[in-house]
1. Enter the angle in degrees (range 0 to 90, nearest 10) between the Cα long axis of helix 240-257 and the first principal axis of the Cα atoms of the chain, meaning the one along which they spread out most.
2. Modelled label-to-label distance, L324 and S37, 7 Å Cα→beta-carbon offset: nm?
3. Arrange the following residues from fewest to most other Cβ atoms within 10 Å of their Cβ: D46, D86.
4. Quick one: go through the stretch 222-250 and flag any residue whose amide nitrogen is under 14 Å from the point 7 Å out along the Cα-to-Cβ line of L208.
5. Determine the dipole magnitude for the stretch 123-172: charges of +1 sit on the beta-carbon of Lys and Arg, -1 on that of Asp and Glu, nothing else is charged, the reference point is the Cα centre, and the result goes in debye to the nearest 20.
6. Filter K18/K66; K98/K321; K125/K162; K66/K252; K166/K214; K35/K108 down to the pairs with a C-alpha to C-alpha distance above 30 Å, please.
7. Counting other C-beta atoms within 10 Å, and keeping those with at most 13, which DSSP coil trypsin sites (Lys or Arg not before Pro) do you find in the stretch 176-245?
8. Placing +1 at every Lys and Arg Cβ and -1 at every Asp and Glu Cβ, with all other atoms neutral, what dipole size does the chain have around its Cα centre, in debye to the nearest 20?
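Derivation of every value follows stated rules applied to the coordinates shown; laboratory data play no part. Being a predicted model, the structure only gives us computed values, none of them experimental. Cβ: placed from backbone, ideal geometry, glycine included. Neighbour counts: every protein chain shown.
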Amino acid sequence: MKYTIATLASHSCLQILKGAKDEGFSTLAIATPKKNSFYQRFSFIDEVLTIPTYQDLYNIQNNLKKRNVIIIPHGSFVAYLGNDYDNKLKLLHYGNKKVLSWEGDRLKQREWLEKAGIRLPKLYKNPEDIDRLVIVKFYGALGGSGYFVAKNKNDFAKKIEKINIKEFIIQEYIIGIPIYLQFFYSPLSKQVELLGVDRRYETNVDGLGRLPHKFQEDLDLEPSYTVAGNFPIVIRESLLPEAYNMAESVIKTSQKIIPPRGLYGPFCIETIVTNDLEFYVMEISCRIVAGTNLFSQGSTYSDYHFDKPMSTGRRIAREIKEALEIGGLAEILN
Ligand code: ATP
C-alpha cells in the first residue's frame, strides 16, 4: 500500500516533507489560500492542497483517509486545530496523542519530570514564599510572550497587580544559558538519539543585552521571550552523557505514566545550563520543534547516529518506512 506523508503548511512543514521525499514518500502540504503560492515553490512537495482555514481539515478527513495520508504533527497544530485536535483528528497520526494532556498541563508535566528525577527550577505555590529572582509564566502563553521577571515578593505583587491574569506559575529564575536538546526516541530500535542542539533568538531579551547598561535602566523595559529564530550549538562533550540520561529517563517514565507506549518520536528537552554545568529543565516539547529547522542537512549529533544527512523530519519518515517494512505501523501511529 502507498502512503502519503502530510502536514499543515507552517512551522517545520518544509523539513518534514523534504525528509519524507528523501525517504521515498509522496508528500502533501495542507495550506490556507495565503500560504499556497509559497509552498508551491518546492519541488519535493508533490501537492499543495488548499483549504479555506486550517480547521476545515476536519471536513476533508474522509477524502484524505482514502488516500492513506499519514499526518505528522508539529508545533502549530494546537494553535491552528485547537487543543482538542487529538480527539477530532481521525486520520493516521504519527505520535502518541495521549501524551498531549501530560505535556499541555504545566503541573502534570512537572510531575512527569519530577518522577523522572530531572532537576527543575523551584516552583513557588505561595507568592509570600518568594525568596529569590523568579520568572512568572502564564498558561497558554506562546513562546514566552508576556512573562515577567520579579526580584522579590514586593516586586511580584506590584507587577501582578498591573495585569489581570489569574492563571500563572511562579518559577525560580535560573541564571545560565538556554540550551535546547532535540531528541528522537524510536520504539522500534528502543534507542534515544540526539539529533541537534540549539538556542533560541528571543526578542526582546536578546536585544536588551545589546544596549549599554545605563540605557537599559532608563528604558525600564521588561524582558520578553518571543522567539524570532534559532542558533545551532555544540555543547561540551562532557555534558552529553547527562543529556542522554535525562532523555532516557523521560522516556522510561512516560511509559509508566502513559502506558504502554509513552512518548516516542521527536521531543525537545528545554534547559538552562548554570555556571556549575548543571542542566535545569524548563519544559519538554513532545513533538518536532522549530529549532530542528536548523538541521535540514543533519547536525554534528545526528552524524554520530547516521551515515546520511538526517534531519528530524527525515528521521520521522525513516521510522515510518522501517515500521512499514516490518509490519509495525500500528505501533507508531495513533
Ligand atoms: P514554548 O512553549 O514556545 O517552548 P513557553 O511559552 O512555554 O515556550 P518557556 O520555554 O517556558 O516558554 O520560556 C520562554 C523563555 O523564558 C525561555 O526560552 C528562557 O529564555 C526563559 N525562561 C523560562 N523559564 C526560565 C527559568 N526558570 N529561568 C530562566 N529563564 C527562563
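1. 70 degrees
2. 3.4 nm
3. Numbers: D46 16, D86 21.
Ranked by crowding around the Cβ, least crowded first: D46, D86.
4. Once the point is set 7 Å along Cα→Cβ of L208, 222-226 turn out to lie under 14 Å by backbone N, inside the stretch 222-250.
5. Working: 9 positive and 7 negative charges, 30 e Å.
Approximately 140 debye in magnitude.
6. On the way: K18/K66 23 Å; K98/K321 23 Å; K125/K162 20 Å; K66/K252 36 Å; K166/K214 34 Å; K35/K108 36 Å.
Over 30 Å apart, Cα to Cα: K66/K252; K166/K214; K35/K108.
7. Those that pass, being in a loop and sparsely packed, are K190, R210, R236.
8. Details: 43 positive and 39 negative charges, 197 e Å.
That gives the chain a dipole magnitude of about 940 debye.
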